[in-house]
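Engineer: The structure's right below; bear with me while I get my questions together.
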Amino acid sequence: MENQQLGKILIIDDNEDLLFAAKMFLKKHAKEVTIEKDPRRIPFLVNNNSFDVILLDMNFTDDTTSGKEGFHWLKQIKEIDPKAVVILITAFGDVEMAVRALKEGATDFILKPWQNEKLLATLTAASRLKESYNQVEKLSTKQKQLQSELKKPYADIIGASASMKNIFSIIDKVAQTDANILILGENGTGKELIARAIHDRSNRKDEIFVGVDMGSITETLFESELFGHKRGAFTDAKDDRAGRFEIADNGTLFLDEIGNLSMPLQSKLLTVLQRREVTRIGSNKAIPIDIRLICATNMPVHEMVMDNTFRQDLLYRINTVEIFLPPLRERQDDIPTLANHFLKSYSHKYRKDFKGFTPSGLQLLQKYNWPGNIRELQHAIERAIIMAEGDMLDSRDFFFLSAKPTNEKIAATATYNLDEMEKSTIQRAIDKNGGNISKAAKELGLTRASLYRRLEKYGL
């Protein structure tokens, strides 16, 4: 069999002999050939298929010479798919008609009866044009996403503690595979940095990394954001739009805070991951996707499976490998290194000449509990650099931390507010057990899931 140099072809003509002859010839060269004698089926066919080239007769039985019907259906096709590649065919050579057809969106014009070689050459050129349209759209969308990603601050992962060395070892093992990764850890521990590190060391490193905060996507926008939509699919859909899955094609898709998804949205996500294809809202065309999936959450997804709030089959799908990022309070050895990194970064940003920390300043940072983890440390040092004088950061420059809990002691609060008392009790239990959620939950008489819900409630 000859090489298939063409994609999916649609031919619409009222002459059945011509249709079958064209199909017999083209099926040797095309991936798929669809023929149709009734032009009224054009909207259905174009809405439900992705054709590379459409070959459209200009004159049907109601009107054999003017081309009026051909122009009507050309307009219909272009309204459904503005990037459709359409070649008009007619038995009546007319230069003015050809020029008008090109102005109204046709790609080319061919006379019948045609020579097969001429038809094949015309279709081959049109197929290449369609491929270039697809590439331009894909590259344009990816360029916008890349520009957005480049604006985000990115720093190398910092840490020499035993727990971080173990994480670096896991990254080295999994990065060059396509295994799905689930990153677990509290807010502010650097889950996105780990995801980017995996991508940067993977075979997809030259492709795009697309991050999505699932916690910020509403139920109504979920499908549009992730799967895309067609123009007119809903009130504000003024243009065709690729979803994050399409944008991430051949690259890495990072779904952050996946534990926040409702059960119905979990089901929709699972379907896409199983089929490895998406369908835009307002379309019936399935679009194949090839992505490396990395997910992250601060939620106790294993306990959520037991509570029937997270699908077990989705968890199996996303956690081929799990990486647990420990909270900063369990990485005290890394605090000086991180603190000096942020000191250098913000000294440069604010054009100040800070040389380091006084012993009391560094001691305070190491004793503090850091409920907001690395993100809180980063913001604390930025704030201190803005406000401090001199060239060394002292404990007094972190006065805003002194009233907050430290690893040495959680101050008892003289309050009878039940929420405040519960919050304080939970904090003491967590600190007493060194941040071990399971032990703290057991001591409090709660399940891990119940404790996590309270941690979310009180922002701990």
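The values are calculated or read from the model by the stated rules, or taken from the named source; none is laboratory data. Everything quoted here is computed from the prediction, not taken from an experiment. Cβ sites come from the backbone with ideal geometry, for glycine too, and all protein chains shown count toward neighbours. These area figures cover heavy atoms from the full protein model, side chains too; ligands, DNA and RNA do not enter into them. Shrake-Rupley method; radii C 1.70, N 1.55, O 1.52, S 1.80 Å.
Engineer: ARG311 accessible area, nearest 10 Å², 1.4 Å probe?
Structural biologist: Around 70 Å² of this residue is reachable by solvent.
Engineer: Can you flag which of LYS68/LYS112; LYS31/LYS83; LYS27/LYS268; LYS268/LYS439; LYS75/LYS268 are past 29 Å Cα-Cα?
Structural biologist: LYS27/LYS268; LYS268/LYS439; LYS75/LYS268
Engineer: Can you tell me the FRET efficiency between HIS72 and ASP290 if r is taken as the Cβ-Cβ distance and R0 is 30 Å, rounded to the nearest 0.05?
Structural biologist: 0.20
Engineer: Mind sorting out which of (1) 156; (2) 234; (3) 190 is the real volume of the Cα convex hull per residue in Å³ computed from the coordinates?
Structural biologist: So the structure-derived entry is (3).
Engineer: Here's a follow-up. Accessible area, 1.4 Å probe, largest first: how do THR34, THR218, THR189 sort?
Structural biologist: Correct descending sequence by accessible area is THR218, THR34, THR189.
Engineer: Now for a different question. Just want to confirm a number: the relative contact order over region 277-351, from Cα pairs under 8 angstrom separated by 6+ residues, in percent.
Structural biologist: 14
Engineer: Order the following by accessible area, largest value first: GLU246, GLU456. Probe radius 1.4 Å; ligands, DNA and RNA are ignored.
Structural biologist: GLU456, GLU246
Engineer: Run the simple label-point estimate for ALA160 and ASN260 please: 7 Å along Cα→C-beta, distance reported in nm.
Structural biologist: My value for the distance between the label points is 3.6 nm.
Engineer: With an 8 Å cut-off on Cα pairs and a minimum separation of 6 or more residues, tell me the relative contact order of the chain in percent.
Structural biologist: 11
Engineer: In the chain, carbon and sulfur make up what percent of the accessible area (probe 1.4 Å)?
Structural biologist: Ligands and nucleic acids excluded, carbon and sulfur give 50 percent.
Engineer: Compute the FRET efficiency between LYS31 and ASP178 as 1/(1 + (r/R0)^6), taking r as their Cβ-Cβ distance and R0 = 22 Å, and round to the nearest 0.05.
Structural biologist: 0.25
Engineer: If you don't mind, another one. Could you quote the convex hull projected area for region 215-332, Cα atoms only and averaged over all directions, in nm²?
Structural biologist: 8.6
Engineer: Per residue, what accessible area does the chain have, given a 1.4 Å probe and all protein chains present, in Å²?
Structural biologist: 52
Engineer: At a Cα cut-off below 20 Å, give the aspartates and glutamates reachable from LYS344, other chains included and same-chain residues fewer than 8 away excluded.
Structural biologist: Those aspartates and glutamates meeting the cut-off are ASP156, ASP333, ASP334, ASP353, GLU376, GLU382, GLU389, ASP391, ASP394, ASP397.
Engineer: Please compute the modelled spin-label separation between SER345 and SER360, points set 7 Å along Cα→Cβ, answer in nm with one decimal.
Structural biologist: A separation of 2.8 nm, rounded to one decimal place.
Engineer: Separate question: Between ARG396 and LYS367, what is 0.36 nm times their sequence separation minus the Cα-Cα distance? Round to one decimal in nm.
Structural biologist: Between ARG396 and LYS367, full extension yields an extra 9.0 nm.
Engineer: Now for a separate question. In whole percent, what relative contact order does region 283-413 give with Cα contacts below 8 Å and a gap of six or more residues?
Structural biologist: Computed value for region 283-413: 23 percent relative contact order.
Engineer: Identify all lysines with a Cα-Cα distance to LYS432 below 20 Å; exclude those on the same chain that are fewer than 8 residues away in sequence.
Structural biologist: Hits, sequence-local ones excluded: LYS367, LYS404, LYS409, LYS423, LYS442.
Engineer: Related question: So what is the 222 nm mean residue ellipticity for the chain from helices alone, if each DSSP H run of at least 4 adds -39500 (n - 2.57) and you divide by all residues, rounding to the nearest 500 deg cm²/dmol?
Structural biologist: -14000 deg cm²/dmol
Engineer: Given a Förster distance of 51 Å, report the FRET efficiency between LEU102 and PHE234 from their Cβ-Cβ distance, rounded to the nearest 0.05.
Structural biologist: 0.95
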